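Q: Please find one structure pasted underneath; my questions will follow.
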Protein chains: 2
Amino acid sequence: MILASSSSVYGSGYLAYLHPALKTLFEGVTEIVFIPFARPNGISHDAYTEIAQRGFEFLDIPVVGLHSFENQHKAIADAQAIFVGGGNTFVLVDELYKRGVFSELQEVIESGTPYLGTSAGSNICGLSMQTTNDMPIVKPISFKTLGSIPMNINAHYIEPEKDSKHKGETRETRINEFHNFHATPVLGLREGSWLEIKGSAAVLRGVLPAVLFRKNLEKLACMPNSDIFLLL
Amino acid sequence: MILASSSSVYGSGYLAYLHPALKTLFEGVTEIVFIPFARPNGISHDAYTEIAQRGFEFLDIPVVGLHSFENQHKAIADAQAIFVGGGNTFVLVDELYKRGVFSELQEVIESGTPYLGTSAGSNICGLSMQTTNDMPIVKPISFKTLGSIPMNINAHYIEPEKDSKHKGETRETRINEFHNFHATPVLGLREGSWLEIKGSAAVLRGVLPAVLFRKNLEKLACMPNSDIFLLL
């Protein structure tokens with residue numbers, strides 16, 4: 001699995017910074033099933049799938065939207081590889097519950113089907129979606145997510161500018177508030193960072209440190225190339 | 001009602017920028033019932049009530065936490081004035097539903113009991129809490145809120161810095177995504193701004209413009225001293 005904080009970084013194209021990693025992850029794959037349900041900016045499933053398709057032109061791999069399959073359970077079970085794009089996490093999770101495909105997704109991820117998540121698509125691999133930054137524009141039946149990793153992700157993690165005059169809660173404050181109710185560790189993953197998960201290791205990639213928040217413990221800066229699972 | 005974006009602005013104390021407005025709102029009031037359920041930073045109801053109490057020392061009005069009343073329904077119904085502080089909107093709404101005090105709050109607001117909301121406390125006066133910036137750290141039974149005003153509020157409204165390299169969704173993008181699912185107008189209320197609601201008018205106060213988002217319409221800059229209800 002590759003769980004990325006964002007689909008792009010400032011000044012570079014869609015998925016571009018991930019190209020070398022994606023080449024490895026999707027080696028030998030001849031079709032990727034794309035899950036477009038997070039609908040960034042409210043775009044249609046078709047339009048979002050086209051964007052994903054363009055993102056994989058560099059590997060010449062066809063991308064098919066999950067919504068276009070008649071039997072979506074089977075489409076997931078049979079998929080050579082899966083990509084879940086970012087957008088609104090509430091909308092994504094609501095749609096996955098409505099279509100009843102959570103257990104299929106869990107199973108194929110567990111069995112090793114290559115999986116790429118960006119932003120909301122990474123968020124849903126954690127134990128819950130409760131550290132999303134998104135607005136609750138729809139109400140999913142549950143906040144529980146795939147639990148493919150034993151922690152939560154906070155995508156697009158950011159610290160306030162040094163001279164910020166904004167009084168709204170910082171990301172760190174919000175995550176600490178989460179820990180008043182839950183013991184799940186939370187990894188703040190900066191844009192340009194991703195987790196490369198293989199077997200029992202989750203290696204942090206990219207050039208920036210990530211920040212690991214654990215209940216009742218000091219936050220921990222995680223260096224690139226370290227195995228986050230060893231720090232939980 | 002005073003619905004404020006934030007309890008303080010940069011460089012000034014708790015509620016300080018609102019002092020003149022609060023003096024008018026709470027004229028003749030000898031006790032304020034404070035609702036501390038949003039628990040910023042996860043502080044206790046008692047600790048939060050103490051902060052609110054200090055905030056009203058300038059008017060010499062005692063502040064009593066709603067949690068300290070045996071009969072909280074009666075406490076709201078009998079309150080001379082109500083203040084709902086900020087924090088996590090999900091936690092606040094969850095607690096209000098669990099205690100079953102939504103209808104009492106709606107009634108006393110409707111009947112003219114002076115009400116101060118800051119941040120989450122303003123958010124809950126809208127039709128839904130679905131334009132909150134907070135993390136979904138608990139799951140309330142519903143996202144529906146008091147509906148004392150015919151719109152939603154986005155507190156701590158902010159636009160990205162001009163040189164921002166962050167790729168996460170802007171506040172405007174998030175609100176536009178809300179409008180893919182809902183027709184409720186949303187007022188982006190900057191820190192230092194508040195709505196003064198009396199009778200059928202909702203006048204924008206403070207020195208900054210607010211931004212009104214309406215489904216399928218261009219966003220509208222609202223000038224201080226204008227009546228927002230006339231723009232819906």
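Bear in mind these aren't lab numbers, they're just calculated from the coordinates by the rules spelled out. The shown structure was predicted, so the numbers you read here are calculated from the model rather than taken from an experiment. We place every Cβ from the backbone using ideal geometry, glycine too, and count neighbours over all the protein chains shown.
Q: Within the set of pairs 6+ apart or on separate chains, which have a first residue in the range A:102-127 that is without any contact (Cβ under 8 Å) to a residue 40 or more places away in the chain, a second that is part of a helix (DSSP H, G or I), and C-beta atoms under 8 Å apart?
A: From the range A:102-127, the pairs are A:GLU104/A:HIS73; A:GLU104/A:ILE76; A:GLU104/A:ALA77; A:GLU107/A:ALA77; A:VAL108/A:ILE76; A:VAL108/A:ALA77; A:ASN123/A:THR89.
Q: OK, next. I need a count of the residues in the range A:132-158 that are within 11 Å of another protein chain (Cβ to nearest Cβ) and more than 12 Å from the chain's Cα centre (by Cα).
A: Summing the residues that are within 11 Å of another protein chain (Cβ to nearest Cβ) and more than 12 Å from the chain's Cα centre (by Cα) in the range A:132-158 gives 14.
Q: For B:ALA202, work out the one condition from (1) closer than 27 Å to A:ASP94 by Cβ; (2) of a type in the set (A, V, I, L, M, F, W, C); (3) buried (at least 22 other Cβ atoms within 10 Å of the Cβ) it doesn't fulfil.
A: That leaves (1) as the condition not met.
Q: All but one of (1) facing chain B (nearest Cβ under 7 Å); (2) out of contact with any strand residue (DSSP E or B) (no Cβ under 6 Å at 6 or more places or on another chain) hold for A:GLY192; state the number of the condition that does not hold.
A: All conditions are met except number (1).
Q: What's the number of the condition B:GLU177 fails, among (1) closer than 22 Å to B:TYR48 by Cβ; (2) facing another protein chain (nearest Cβ under 10 Å)?
A: Unmet for B:GLU177, out of (1) closer than 22 Å to B:TYR48 by Cβ; (2) facing another protein chain (nearest Cβ under 10 Å): (1).
Q: For A:GLN53, are the conditions met, namely being more than 27 Å from B:ASP134 (Cβ to Cβ), more than 14 Å from chain B (Cβ to nearest Cβ) and in contact with a Leu (Cβ under 6 Å, 6 or more places away or on another chain)?
A: no
Q: Does B:ASN133 satisfy being under 30 Å from A:THR118 (Cβ atoms), in contact (Cβ under 8 Å) with a residue 12 or more places away in the chain and crowded, with 24+ Cβ neighbours inside 10 Å?
A: Considered against the rule, which asks whether it is under 30 Å from A:THR118 (Cβ atoms), in contact (Cβ under 8 Å) with a residue 12 or more places away in the chain and crowded, with 24+ Cβ neighbours inside 10 Å, B:ASN133 comes out as no.
Q: While we're looking at this one, here's another question. Within the bounds of the range B:36-52, is there any residue that is without any contact (Cβ under 8 Å) to a residue 40 or more places away in the chain and touching a His at 6+ places or on another chain (Cβ under 6 Å)?
A: Checked the range B:36-52: at least one residue is without any contact (Cβ under 8 Å) to a residue 40 or more places away in the chain and touching a His at 6+ places or on another chain (Cβ under 6 Å).
Q: Assess whether B:LEU22 counts as being in contact (Cβ under 8 Å) with a residue 60 or more places away in the chain and away from chain A (no Cβ under 14 Å).
A: Spelling it out, B:LEU22 is indeed in contact (Cβ under 8 Å) with a residue 60 or more places away in the chain and away from chain A (no Cβ under 14 Å).
Q: Going residue by residue through the range A:71-87, is there one that turns out to be within 13 Å of another protein chain (Cβ to nearest Cβ) and either under 15 Å from the mean Cα position of the chain (by Cα) or of a type outside the set (S, T, N, Q) (or both)?
A: Within the range A:71-87, one or more residues are within 13 Å of another protein chain (Cβ to nearest Cβ) and either under 15 Å from the mean Cα position of the chain (by Cα) or of a type outside the set (S, T, N, Q) (or both).
Q: Enumerate the strands (runs of 3 or more DSSP E) found wholly within the range B:185-232, keeping only those where 3 or more residues are within 24 Å of B:GLY86 (Cα to Cα).
A: Hits in the range B:185-232: B:186-190, B:194-198, B:201-205, B:210-213.
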